[in-house]
Amino acid sequence: MFRLESMAEAEYRTWRAASQRAYAEEKVKAGNWKADEAEVLSAEAFEKLLPGGRETPGHELRAMRSDAGDWVGHAWFTIEDREPGRVVFIYDIEVYESHRRRGYGRAVLDAIDDYAREQGCIGVMLHVFGYNTPARELYRSQGYEETNVIMLKRVDGKG
């Protein structure tokens with residue numbers, strides 16, 4: 001159904017530019033960053049986590065491919081020590097819009113589960129923005145449990 005392969009350098013550059021921009025937009029939408037500083041903060045966050053680009057040790061930057069070889073999405077994950085133990089942490093995961101609802105999301109999450117087991121991890125963790133209802137539903141259906149929820153009620157009329 002699909003393959004999860006290391007990104008080629010050109011794919012990495014395309015992914016990084018798009019993901020860095022999307023992360024900035026998501027942080028603004030969630031109310032975490034101001035729009036005028038979001039691109040700089042996003043670039044700093046990516047540089048801190050991936051100082052060696054796609055060759056950064058311990059970071060898996062994968063392209064999801066259909067059986068036909070189409071690039072249908074991506075996943076970025078690494079092993080980290082977090083509460084409650086050693087886990088695979090997914091930093092970025094996306095099935096591209098034109099390929100959604102075909103089982104790729106479930107397939108990649110299953111593949112990452114297998115990777116976590118092979119690496120002796122206790123589980124898989126990720127962050128999802130609260131407004132991303134489709135992703136939250138997918139993760140719940142795959143056995144993920146919400147461990148923290150931060151809520152905001154706007155009183156300044158900007159929400």
Practice item. Select from region 23-63 the residues that are in contact with a helix residue (DSSP H, G or I) (Cβ under 7 Å, 6 or more places away or on another chain) and among the hydroxyl-bearing types (S, T, Y) and list them in ascending order. Key: Y23, S42
Practice item. Would you check if there is a residue in region 143-154 being free of Cβ contacts under 8 Å to residues at least 40 places away in the same chain and either part of a strand (DSSP E or B) or closer than 24 Å to R3 by Cβ (or both)? Key: yes
Check your understanding: In region 117-128, what residues are at pLDDT below 95 and loosely packed, with under 13 Cβ neighbours inside 10 Å?
Key -> H127
Practice item. Please enumerate the residues belonging to region 139-159 that are farther than 13 Å from L126 by Cα and of a type in the set (S, T, Y). Key: S141
Study note, to complete from the structure: region 1-116: strands (runs of 3 or more DSSP E) wholly inside it with 3 or more residues that are open to solvent by less than 70 Å² (accessible area, probe 1.4 Å) and either out of contact with any Phe, Trp or Tyr (no Cβ under 8 Å at 6 or more places or on another chain) or at pLDDT 95 or above (or both) are 59-66, 71-82, 85-95
Check your understanding: Does region 139-149 include one or more residues that are small (G, A, S) and either open to solvent by 70 Å² or more (accessible area, probe 1.4 Å) or farther than 28 Å from A35 by Cα (or both)?
Key -> yes
Practice item. Please state which one of Y115, Y91 is within 22 Å of V28 (Cβ to Cβ) and in contact (Cβ under 8 Å) with a residue 12 or more places away in the chain. Key: Y91
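The values are calculated or read from the model by the stated rules, or taken from the named source; none is laboratory data. Quick caveat: nothing in here was measured; it's all calculated off a predicted structure. So basically every Cβ, Gly included, is an ideal-geometry build from the backbone, and we count neighbours across all protein chains shown. Ligands, DNA and RNA are excluded from the accessible area calculation, which covers all protein heavy atoms including side chains. Shrake-Rupley method; radii C 1.70, N 1.55, O 1.52, S 1.80 Å.
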